[in-house]
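The values are calculated or read from the model by the stated rules, or taken from the named source; none is laboratory data. None of the values given here were measured: they were computed from a predicted structure. Don't worry about glycine lacking a Cβ; one is built from the backbone with ideal geometry, like all the others, and counts go over all protein chains shown.
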Amino acid sequence: MDRRNFLQRSAALAALPLIPSLANAGARGAAKTSGLSSQTITVNGDRLNGWLAAFDRIGRTPTGINRVAYSEGDLAGRAFTLDLFKQSGLSPVIDAAGNIVARVPGSNPALKPIVIGSHVDSVTDGGNFDGPVGSFGAIEVARTLAERRMQLAHPLDVVVWQNEEGGTYGSRLWAGLYSEADLDKVARSGKTIREGIGLIGGDVAKLASVRRKEGDVACYLELHIEQGGLLEKASKKIGVVQGIVGLRWFEITITGFSNHAGATPMDQRQDAMLAAARFTVAVNDAIRRVPGRQVATVGRVNVTPNTTNVIPGQVVLTVDLRDIEQATIERFTQQFEQLGREIGEATGTQFKFARLTDSKPALADPRVMDWVQQSADTLKFTHQRMPSGAGHDAQEMSHLGPMGMIFVPSVGGISHSPREFSHAADITNGANVLLHAVIAADKSLR
Ligand code: HGY
Ligand code: MN
Ligand code: MN
């Protein structure tokens with residue numbers, strides 16, 4: 001199904017009849033999970049993909065999807081998502097961190113919750129699938145369980161994390177992986193994290209109330225598009241994620257001296273742009289010189305005064321450094337700082353390194369990988385185990401309990417782009433694997 005008729009599956013599919021609230025499923029004596037055989041249970045793929053088709057217009061601009069955290073597009077995306085929760089009989093609340101959380105009671109309230117979810121904020125000029133597939137897939141799983149009157153033993157928390165793209169803030173606030181200084185960092189929308197949390201309905205004064213510690217989560221499962229091309233290349237339907245790369249974002253301020261572009265001889269310049277250009281090439285060379293899967297990207301550059309006839313006096317650029325090994329990240333951090341000193345020396349400029357965000361590499365729990373794999377086998381979907389080159393809230397959630405992720409193919413391996421696309425059938429497959437993995441986790445973790 002191509003993009004055009006994907007969009008024709010209008011919101012009408014989404015406007016489905018309301019069902020009584022799930023929140024008091026227990027009160028209505030829902031059948032326990034020993035009711036229907038979980039073999040027969042499947043999600044409503046048309047409904048799920050209808051939601052995604054309707055969501056495509058939210059925050060869409062001529063250059064792509066812009067639901068950047070704390071922006072108008074994000075607020076609209078969160079409002080749409082809250083409506084989906086309610087349409088699906090869930091009772092969402094905004095926690096102090098600004099995450100959207102809905103709890104479905106389990107038959108044994110003494111058990112820790114199984115948590116499923118993802119995010120709905122996007123990068124600048126991004127796509128419609130990175131985040132919403134897992135967020136709406138989680139809502140669909142909860143709705144399907146209720147419609148089939150299957151109550152888990154564990155409570156089930158459906159979560160839409162805030163500001164995943166700016167550094168997995170919503171989940172880091174649950175896991176306590178942040179500092180007070182982080183809250184004053186300026187997000188892509190121009191608001192600080194602190195301002196953003198207030199804007200989306202959180203309460204910075206009460207962040208302690210969302211804090212969980214290791215063992216507070218029975219299991220975390222996240223459905224997500226692969227954002228790479230491995231599944232498509234291998235013609236596999238499901239990715240069983242083994243681990244998520246660690247990532248470190250630097251903001252580097254290079255200070256030179258603004259001067260006249262015509263009257264300043266070439267050997268008397270402190271050209272911040274020249275230093276930035278040399279540094280960008282040197283970072284790329286350093287990363288590629290060593291065999292491995294490490295990656296580094298200079299993605300954002302701001303030049304001051306950014307004027308044709310003035311030698312740039314300042315450049316602020318970012319580096320996104322990732323690898324599955326933390327030691328590799330540390331090693332390249334040293335190398336980049338050394339390059340800054342050397343290039344600064346050679347160009348008469350100063351390099352100042354600041355850390356924007358740091359997420360540690362995280363391994364999926366072997367049991368959770370097995371539940372995902374067994375679910376794919378039950379549903380007869382081909383699958384392969386694989387790493388995640390993208391960062392996810394799941395890596396922060398791995399500090400609170402056993403974590404696992406389910407990948408579905410990205411067409412052409414494209415993501416963080418308006419050309420990001422995943423087929424409806426693949427999305428439905430992923431949601432069905434999530435559903436069965438949740439049921440398996442519930443049975444095994446009792
Ligand atoms: O940047 C990432 O890897 C993720 O999409 N936030
Ligand atoms: Mn994502
Ligand atoms: Mn992303």
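Assorted remarks:
- Matching residues, the stretch 220-248, being in contact with a His (Cβ under 9 Å, 6 or more places away or on another chain), part of a strand (DSSP E or B) and within 16 Å of ligand 2 (Cβ to nearest atom): Glu222, His224, Gly239, Val241, Ile244
- Taking the stretch 143-178 as the range and being β-branched (Val, Ile, Thr) and either within 16 Å of ligand 2 (Cβ to nearest atom) or not assigned by TED's automatic domain parsing to the domain that holds Asn99 (or both) as the test, the residues that pass are Val159, Val160, Thr168.
- From the list Pro366, Pro291, the lone residue that is at negative phi and in the same structural domain as Val240 (by TED's automatic domain parsing) is Pro366.
- Flag for Glu251 being outside any helix (DSSP H, G or I), among the acidic types (Asp, Glu) and away from ligand 2 (no atom under 16 Å from the Cβ): yes
- Where helices (runs of 4 or more DSSP H) fall wholly inside the stretch 127-219, the ranges with 1 or more residues that are within 16 Å of ligand 3 (Cβ to nearest atom) and not acidic (Asp, Glu) are 132-147, 169-175.
- When each of Arg385, Arg419, Arg367 is tested for being under 27 Å from Asn99 (Cβ atoms), surrounded by fewer than 19 Cβ atoms within 10 Å (Cβ to Cβ) and in contact (Cβ under 8 Å) with a residue 40 or more places away in the chain, the lone residue that passes is Arg367.
- Condition check for Phe257: surrounded by fewer than 17 Cβ atoms within 10 Å (Cβ to Cβ) and of a type in the set (Phe, Trp, Tyr): yes
- In the stretch 114-150, residue nearest to ligand 1 (Cβ to nearest atom) [restricted to those that are surrounded by fewer than 24 Cβ atoms within 10 Å (Cβ to Cβ) and farther than 28 Å from Ser71 by Cβ]: Thr144
- Tally, over the stretch 91-112, of residues that are buried (at least 24 other Cβ atoms within 10 Å of the Cβ) and within 22 Å of the chain's Cα centre (by Cα): 5
- Considering the stretch 105-126, the residues that are within 10 Å of ligand 2 (Cβ to nearest atom) and not in a loop (DSSP other than H, G, I, E, B) include one that is farthest from Ser398 (Cα to Cα), namely Gly126.
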